[in-house]
1. Which residues, counting only those in the stretch 244-262, are farther than 12 Å from SER300 by Cβ, in contact (Cβ under 8 Å) with a residue 12 or more places away in the chain and of a type outside the set (S, T, N, Q)?
2. Condition check: among the small types (Gly, Ala, Ser), more than 23 Å from the chain's Cα centre (by Cα) and more than 19 Å from LEU207 (Cβ to Cβ). Does ALA280 satisfy that?
3. So which strands (runs of 3 or more DSSP E) are wholly in the stretch 210-282 and hold at least 3 residues that are over 22 Å from MET148 (Cβ atoms) and among the hydroxyl-bearing types (Ser, Thr, Tyr)?
4. Of all residues in the stretch 183-219, how many are hydroxyl-bearing (Ser, Thr, Tyr) and touching a helix residue (DSSP H, G or I) at 6+ places or on another chain (Cβ under 9 Å)?
Amino acid sequence: MFLLSKLQKVVVLVAIALIMPAIMIFVGVPQGHSEIYNFAWFTQYSQQFDQGNWLPRHLPEMWAGLGGHDFFFYAPLPFWPISVATSAICSECALVTQIAVGMVFILILSSLTFFVFARCFFGKWPSAVGAVAYSGRLRGQFGTDAIMPEVWPEGSVFVLLDPRVLQTGLLRSERRLAKHYRIGPATRGYDDPSFVHQVEAFNGNGLRPYAPAHLCVRRSGAGDTLSWVRRTRVDGDDWAGIDVPLGEESEAYLIQIWAEGSLVREELVQISRWTYTSAAKLADGVSGSYTVQVAQVSASYGPGLQAFLTVG
């Protein structure tokens, strides 16, 4: 029975590892902040691997043919099992298919690794559930989780960019100011008929605060106490500190209360907690359910992306 339960767990993990990449093939590749680099890295890495270099470190075709020493300081582990899998199974497959095949092996290995680690602290079934959840962990990058739709409508346009497409420079003083651009092939002059003229203004979303996380409510007779966890745009990967860096001049949050489609209250607070008192709800005419929106405020950008919670 014990062997059968272990086999069942492995079958579940393998099934999930097969389903998720298959969805990616039909729906498209998730667009995170680093996918343009990962695609280019994998293409060059797999080419070197197929040529007999079983542990590529230097990628001669990267960065417009200048070559890149990326994997002298980046760990190439994710690209190695993908290259091994695709070289043996579908070396002639399309790029997205190759990545999907490699993901099967990565998801299985990562899930089993998580299971082994979790078994040091928890029982078999909690560890197995955690491994399944871990295998399906997907998150938006650079705060895009707050604006990613649940479903992309049919006919959505997918644009694959490689590292040759560079981001335009934008000073903080130029944010939200209309600027004129002429766009066309780099091999032709600006007066060529193929060029188009556009006037665009950009918000500078790199300065936009992320949506707070873990927005929750605790209800009592005195009112509803809301709390949330602050996120950061900068230096948030270091776990040595007590909390992530603020990344702003000061800590502030904009709270909005919506009831029946109307904005009934707006508050600005300096801590990640606020109580919507019973007296305030009575003054706002809120007797049933309502929606609260919380956004961190930047002195240079303004309110960032919002976290949502429906209460009641």
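1. Listed by number, the residues that qualify are VAL244, PRO245, LEU246, GLU251, ALA252, TYR253, LEU254, ILE255, ILE257, TRP258, ALA259.
2. On the way: among the small types (Gly, Ala, Ser): yes; more than 23 Å from the chain's Cα centre (by Cα): yes; more than 19 Å from LEU207 (Cβ to Cβ): yes.
When the stated conditions are applied, ALA280 passes them.
3. So the answer is 273-277.
4. Residues in the stretch 183-219 being hydroxyl-bearing (Ser, Thr, Tyr) and touching a helix residue (DSSP H, G or I) at 6+ places or on another chain (Cβ under 9 Å): 1 in total.
Every number here is computed from the coordinates shown, using simple stated rules; none is lab data. Remember, predicted model here, so these are calculated numbers, not experimental data. When we count neighbours, we look across all protein chains shown, and the Cβ atoms used for this are built from the backbone with ideal geometry, even at glycine.
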